[in-house]
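Taking it in order: structure first as structure tokens, then the write-up.
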Amino acid sequence: MASDSGTSTPLYRPLSPFPHGGPGAVTNGPIESRVLIIMTGGTICMRPSPEGLVPAYGFMDAGMATRPSFNDGASPIDVEAFPETGGPAITLKSLRTPMSRYGRHVRYAVLEFEKILDSSSIDSAGWRQIATAVHRNYMSFDAFVVLHGTDSLAYSSSALSFMLDHLGKPVILTGSQAPILTLQNDATDNLLGSLVIAGHFLIPEVCLFFHHKLFRGNRATKVSADQFAAFASPNFAPLASITSTEVHVAWNAIHRSTEIKAFTLQTDLLTAHVACLRIFPGIKPEMIDAVLRVQGLRGLILETFGAGNAPGGPDNALIKIFSDAVQRGIVIVNVTQCLTGSVNPLYAPAMILGRAGI
């Protein structure tokens with residue numbers, strides 16, 4: 001294994017049963033990793049229509065099979081996968097990439113969701129579908145790549161990082177700013193980069209890959225609506241990056257469980273009972289009070305100025321509202337509005353919030 005700054009040698013894991021066998025069975029053919037691409041929707045799978053861009057099925061045949069980077073011309077092989085709906089296994093056609101510089105092919109199949117998800121409307125039910133697809137196919141594949149719309153890509157990767165417990169395989173979410181079927185697109189690089197990393201490097205985390213960089217799933221955020229470098233991880237360095245010749249992995253940053261436990265699925269999410277509120281100059285205490293009195297609210301993410309500061313309001317009315325909410329059992333978390341840095345009670349306003357139980 002190379003140092004963080006050098007070319008990374010893949011950490012091969014035992015492969016799932018396949019015609020070419022495990023890592024030692026090179027006499028029967030090239031070594032292959034087995035990756036399931038889970039297509040949930042998003043710009044990456046859209047195609048032009050008279051009504052504009054619309055989601056389309058048949059992604060592997062239309063967007064991947066005709067591209068040499070995704071298909072080395074070997075005969076397709078049928079594999080079985082379980083759909084997200086809970087039904088019986090279905091048969092999928094698999095293709096494989098050309099051999100990489102590490103002497104390995106990535107064989108992949110595409111599991112398309114029965115109903116394509118709109119990423120701008122996704123909620124905990126959609127996250128459960130994705131997590132279920134990973135969980136049901138966990139023993140049959142070496143890694144997973146999830147195709148997803150970019151609007152909520154960072155939210156989904158963060159949610160899945162908490163839902164997929166004791167993960168031992170890579171789960172990489174990606175998407176694109178332009179469809180793979182358009183002339184100028186970022187979809188090809190994002191998808192191929194995700195496949196290369198998933199199929200060669202044992203990074204047992206939920207990650208987000210975009211524009212040649214692999215981010216920890218719960219540390220990424222969308223920073224551009226139209227640039228290809230649409231995602232960043234301002235407070236945490238990328239886990240890996242791809243150049244024209246190498247894949248660099250920051251192995252010291254990779255999370256590895258210190259316990260031997262079976263992979264499990266956590267589906268009890270309460271996101272519908274949590275609100276986000278951004279403080280702004282002149283905000284009225286009654287506005288915040290109205291949010292904190294929404295029926296069923298259990299938590300509030302309070303986006304404050306700078307290092308965690310917020311106005312107290314006339315006669316500290318705002319602080320009283322926060323204190324009352326905390327007494328009612330509402331959990332309030334103070335986060336900075338800034339892209340980098342964190343909450344630090346250097347100033348009185350932040351200290352007062354902390355004393356109020358925030």
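The values are calculated or read from the model by the stated rules, or taken from the named source; none is laboratory data. This one's a predicted model, so the numbers in the text were calculated from it and none came from an experiment. Cβ atoms come from the backbone with ideal geometry, glycine included; neighbour counts cover every protein chain shown.
A few notes on this one:
- Which listed residue is surrounded by 20 or more Cβ atoms within 10 Å (Cβ to Cβ) and in the same structural domain as residue 282 (by TED's automatic domain parsing), from 317, 310, 348: 310
- If the condition is being assigned to a helix (DSSP H, G or I) and of a type in the set (Phe, Trp, Tyr), then region 325-353 contributes no residue at all.
- Listed by position, the strands (runs of 3 or more DSSP E) inside region 74-113 whose residues that are among the acidic types (Asp, Glu) and under 16 Å from residue 61 (Cα atoms) number at least 1 are 77-81, 104-112.
- Flag for residue 64 being in contact with a Phe, Trp or Tyr (Cβ under 6 Å, 6 or more places away or on another chain), at pLDDT 90 or above and farther than 19 Å from residue 156 by Cβ: yes
- Here residue 71 fulfils each of the conditions (1) part of a loop (DSSP other than H, G, I, E, B); (2) more than 17 Å from residue 199 (Cα to Cα) apart from (2).
- Residue in region 266-285 that is under 22 Å from residue 33 (Cβ atoms), within 18 Å of the chain's Cα centre (by Cα), touching a residue at least 12 places away in the same chain (Cβ under 8 Å) and buried (at least 16 other Cβ atoms within 10 Å of the Cβ) present: no
Residues checked against (1) modelled with pLDDT of 90 or more; (2) among the basic types (Lys, Arg); (3) under 20 Å from residue 284 (Cβ atoms); (4) touching an Asp or Glu at 6+ places or on another chain (Cβ under 9 Å):
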residue	(1), (2), (3), (4)
303	yes, no, yes, no
308	no, no, no, no
316	no, no, yes, no
323	yes, no, yes, no
332	yes, no, yes, no
336	yes, no, no, yes
347	no, no, no, no
352	no, no, yes, no
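- Against the numbered list (1) among the aliphatic types (A, V, I, L, M); (2) out of contact with any Gly (no Cβ under 6 Å at 6 or more places or on another chain); (3) surrounded by 14 or more Cβ atoms within 10 Å (Cβ to Cβ); (4) assigned to a loop (DSSP other than H, G, I, E, B), residue 139 comes up short only at (3).
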